[in-house]
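The values are calculated or read from the model by the stated rules, or taken from the named source; none is laboratory data. All figures in this text were calculated on a predicted structure; none of them were measured in a lab. Neighbour counts run over all protein chains shown; Cβ positions are idealised from the backbone, glycine included. Ligands, DNA and RNA are excluded from the accessible area calculation, which covers all protein heavy atoms including side chains. Shrake-Rupley method; radii C 1.70, N 1.55, O 1.52, S 1.80 Å.
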Amino acid sequence: MELQSIAGFSHTVQTAAVATIIFAACICFSQINWYKQFSKLPAFTGNQGSFDTRRKAYHKSARQMYTDGYAQFKDRVYRMSTTENMDCVVVPPRFLPELRKLPDSVLSFPKCVEESMESKYTFIDPNEPIGTHTVKADLTPALVRLNPTICAEVEEAVKEEIPASDDWTEVPIYMAIARIVAKVSGRVFVGPELYKHEDYLDAGLNYTMELISAQRAIKQMKPIWRPFLAPRLPEVRRLKERERQATSFLEPVVKARREAEKNPDYQKPDDMLQWNMDRGAHLDAAQHAKLQLGFIFAAIHTTSITATNILYNLAVTPEYIPPLRDEIRTVMAQHNGVITSRALQQMEKLDSYMKESMRFHPISFTSMRRKVLRPFTLSNNQYIPAGVTIEVPAHAVYQDATHYPDSTTFDGFRFWKLRQAGEGAARNQFVTSNEQNLNWGYGRHACPGRFFAANEIKMILARVVLEFDVGNVGGGRERYENLEMGRSTSPDPRKKLLFRKAAV
C-alpha cells in the first residue's frame, strides 16, 4: 500500500513536471515567434550601442533621429530604440487612413496612456468617459456663447499678469502665460466660485509638473518593484495630497449647487463642473476633483507651452506685429470690441502665424501613440505584432518639403496665403487634424479640447499683440532654444521677454 502511494505520488510529480516543461516550451516558442515577427521590421540604424547608450542618445537627439528615420524609410514602418524597454514602431503618415479604421480593441489609446503615465500609481484614468464626453458634447458646442465671457477673462488676466508700462519691462512670460491660462480655463472648468481661488490656481500651475515628476520617479524603478515601492514614493504621495486638496475646495461648491437645484427657479451655472454634475449625478466631490485635475493635466500646461512658443517666435519676428495688429483692430471694430467666434474666424493671419509656429515648435515630435492589442498587417504586407507601441513622426512630416514647400523657412503667413489662393480654408486652420497636421493627434482620439484651446490661445495672443510690443531681452534676434527631452519639447520657462505698451 505504501509502495503504491509512493508510486502514485511519483507519477503525479512526473506529470506536473512534464506539464510545466510543456507550458514553458509553449511560452518560449510564443516569445521566439513574436520576436521573429518583430525583428522583420527594419531597425533605425542611427542609434547604436548598449541599451543605456541608445536611451541616452534618444533622450538627447530624438528630433534628429525621427527626421533621419523619416528620410531613411519614408513610406515603410520601422522600429526605433527609445527610452522604453522595447523599441517603438514608427509608422509613416501614408498608413494613417488604414490605422484610423482599426477599432480600439486593436489599437488602444487608453492602454498607451496607462503604460506611459503609470496610471496604476498616478491615478490617471484614461477610460473615464464623462470628462471626454463633456468636452465634446458640452464645451465645444458652448464656445459660441462662452467666447464673450472668455474674452473678458483674457482681458482682465492679461492686465493682471503683464505690466502695461511705457518702458520696456522684463516678464518671465511662461509663468505669466500659465497664470493667464489657469485663470481663463478655470472660469470655464470650475466656474465663478473657484477659478480665482488660490488653491485652484496652485493646482492649475503645479499639478501637471507633480504628475510628470511622479511618472518619472516610477519609471526609474524596475517593474518588479513598482507594486511595492511606487505607492511610497514622495512624488506619488504628493498626488494623493493634491487630490485631497482638490476635493476639499470643490466639495462645498458641489453641495451648494446640489442644494440650489431643488429650487425650480435656479439658473444653473454654465461651466464644466455643472455639466459634469448633470452627466454624473452619482459622482461625489472626490470624483469631481479627479475630473477637474484631469482637465488641468490635459489643458493648462499644453496651452501655455503652445502660447509661449508663439510669443518666443513673435519676439524675433517683429515685422509680423504691425499686420497682425491691423487685422485684430479691424476685426474687433466690426464686433464692437468683443472677440466673438466670428471674430476669431476672421483673424486669419493670426491663425496662420499660430499654425506656422506650431509647425516649427510642437509639444511633441511624434503623434498618435497607440498600444497594439491585436496584431494586424498593413497594405504593404508589413506585420505589426501585438504588444508594441506605435507612433507617427509628426515633426518630420511638418518639415517635409513635399507637404510644405521651403519647409525650413519660417513663413508666418504661409497658411493665410494658401487660404487666399483658395487651397482649402479648413485644411489650413490652426485646429486642423489630418495626415499632414498631426500636432492635435489624429482620428477618433484627436484632442477633443482643441477648439477651446485654439480659441483661448488666439484670444490671449490677440490681446497681447493689440496692446504690447514684444522683444527679446537685450534686443537679440535669435529665438530662445527649446528644451528637448526625447520626443517631448517645450519652451525654456526660465527665459524672459520684453514688453512695452503699444503706441495707439
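A few points about this structure:
- Whole-Å distance, taken between Cα centres, linking the range 110-176 and the range 352-372: 17 Å
- Relative contact order, whole percent, for the chain stands at 24, derived from Cα pairs under 8 Å and 6 or more residues apart.
- Inter-probe distance in nm under a simple model that places probes 7 Å from Cα toward Cβ, at Gln220 and Asp326: 5.4 nm
- Element breakdown for the chain at a 1.4 angstrom probe: carbon and sulfur atoms account for 56% of the accessible area.
- A probe of 1.4 angstrom, applied to the heavy atoms of all protein chains, finds Arg374 with accessible area near 130 square angstrom.
- Simple label model, 7 Å out from Cα along Cβ direction - Arg100 to Ala421, nm: 2.3 nm
- Listed residues Val91, Val431 arranged by accessible area, highest first, probe 1.4 Å: Val431, Val91
- For Asn336 and Asp278, the difference between the fully extended length at 0.36 nm per residue and the C-alpha to C-alpha distance is 17.5 nm.
- Exposed loop sites, defined as GluC sites (Glu not before Pro) outside DSSP H, G, I, E and B with at most 12 other Cβ atoms within 10 Å, are absent from the longest region of the chain, namely 1-422.
- Heavy-atom accessible area per residue - the chain, 1.4 Å, Å²: 47 Å²
- Centre separation in Å (Cα based) which lies between the range 242-303 and the range 481-501: 33 Å
- Added length on full extension, which subtracts the Cα-Cα distance from 0.36 nm per residue, Lys40 to Lys262: 73.5 nm
- Contour minus Cα-Cα distance for Ser61 and Asp75 (0.36 nm per residue): 2.8 nm
- Site pair Glu198 and Glu84 shows an inter-label distance of 4.2 nm when each label is modelled 7 Å from Cα along Cα→Cβ.
- Theoretical FRET efficiency, 1/(1+(r/R0)^6), r = Cβ-Cβ of Phe51 and Leu378, R0 35 Å, to 0.05: 0.80
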